[in-house]
Amino acid sequence: MTEITKTDLMYQGKAKEMFATTDPETVWVHYMDQVTAFNGKKKVQMKGKGETNCRISSIIFSDLAAHGIENHFIKQLDSNNQLVKRVKIIPLETVVRNMASGSFERKFAAEHLMKFEKPVTEFFYKSDELDDPFINDSQAEALGVATPAQMDFMKQTALKVNDRLKAIFADMNIDLVDFKVEFGVDGDGKVILADEISPDSCRLIDRDTKKSLDKDVFRKGLGELVPVYEEILTRLEKAEEA
Ligand code: TMP
Ligand code: ASP
């Protein structure tokens, strides 16, 4: 394979930039040293954040592929750049919850970290202007955002991701409270797991200290974020070696 190089900036996200490449099937992802919350209303530059999330997401996507969960990840290029398969992102955030937290806790006045007997799945419509509203299957179908079959596949796949992530984090002495994933449609019309999986998109709690090891540290102003992400990476590398 001839070497792939990046060309035009295709999309500027809040944490990543996506570039086209010399291969039409491949996209170059640059992880930025930027963290945002509340749909971009809170935004800070943080040195080392891009590098840490790039590594964490690369390890997790490789692990998922090795466990039969197909995804867009091709390879990590250097500290904060990846190559991924080009897909058209479906504008739905698929959330899986094992315990009550965040918007679920607020919406239903549920007890913080109440354990669910079976995981909860939810969709949110990806739109910063609308503050990513909750959307159900029939609303998403009416808007032409996704088909019922695509949404079923996304929920089933997200639950498989949940099983694997729970196991990975358990080996790191961490409880997976909830997480968000995104899917895209590839050139053949197939839906595959895409975007990133990192402490930006998961809620993670240390089993001993009960402290948050994820973006809630930034959302709630609980302390410095990058050392927390580095702690996740250190534990993840150790768990993956074992
Ligand atoms: P929520 O409790 O705020 O609905 O969030 C559920 C999960 O989704 C949590 O792990 C954080 C993650 N998430 C994102 O990755 N991006 C977002 O824009 C939001 C709102 C949540
Ligand atoms: N992902 C959203 C943002 O970056 C919201 C959040 O994670 O709280 O603004």
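Every number here is computed from the coordinates shown, using simple stated rules; none is lab data. Every value quoted in this text rests on a predicted model; they were computed, and no experiment measured them. Methodologically, a virtual Cβ is constructed for each residue, glycine included, from the backbone with ideal geometry; neighbour enumeration extends over all protein chains shown.
Overview of values
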{"read-out": "Rel. contact order, % - alpha carbon contacts under 8 angstrom, at least six apart, segment 182-234", "value": "21"}
{"read-out": "For the chain: relative contact order, % (alpha-carbon pairs under 8 angstrom, 6 or more apart)", "value": "17"}
{"read-out": "Kyte-Doolittle at least -0.5, axis length at least 27 Å by Cα - qualifying DSSP helices, the chain", "value": "148-170"}
{"read-out": "Global form of the chain, assessed from the alpha-carbon gyration tensor, a/c cut-off 1.5", "value": "rounded"}
{"read-out": "Furthest towards positive pole of dipole, Ala110, Val191, Ile135, structure part the chain, Cβ charges", "value": "Ala110"}
{"read-out": "Relative contact order (percent, whole number), segment 1-145, Cα cutoff 8 Å, 6+ residue spacing", "value": "15"}
{"read-out": "Calculated [θ] (222 nm, deg cm²/dmol) that DSSP helices of n ≥ 4 give over the chain, each run adding -39,500 (n - 2.57)", "value": "-9500 deg cm²/dmol"}
{"read-out": "Qualifying GluC sites (Glu not before Pro) in segment 99-129, DSSP loop, other Cβ atoms within 10 Å at most 13", "value": "Glu111, Glu129"}
{"read-out": "Dipole magnitude (debye, nearest 20) for the chain, charges at Cβ of Lys, Arg, Asp, Glu", "value": "540"}
{"read-out": "Dipole in debye (nearest 20) - segment 1-144, about Cα centre, beta carbon charges: Lys, Arg +1; Asp, Glu -1", "value": "400"}
{"read-out": "Low-density loop cleavage sites - GluC sites (Glu not before Pro) in segment 212-242, where at most 12 other Cβ are within 10 Å (DSSP)", "value": "Glu224"}
{"read-out": "Among Leu236, Gly50, Asn98 the positive-end extreme of the charge dipole of the chain (Cβ point charges)", "value": "Asn98"}
{"read-out": "Neighbour cut-off at most 16 other Cβ (10 Å), DSSP loop, chymotrypsin sites (Phe, Trp or Tyr not before Pro), segment 1-77", "value": "Phe38"}
{"read-out": "Unsatisfied cross-links (Cα-Cα over 22 Å) in the set Lys126/Lys190; Lys16/Lys238; Lys115/Lys210; Lys190/Lys215", "value": "Lys16/Lys238; Lys190/Lys215"}
{"read-out": "Diffusion constant of segment 39-163 at 4 °C, which comes from Stokes-Einstein with the Kirkwood Cα-pair radius and 1.567 mPa s, µm²/s", "value": "77"}
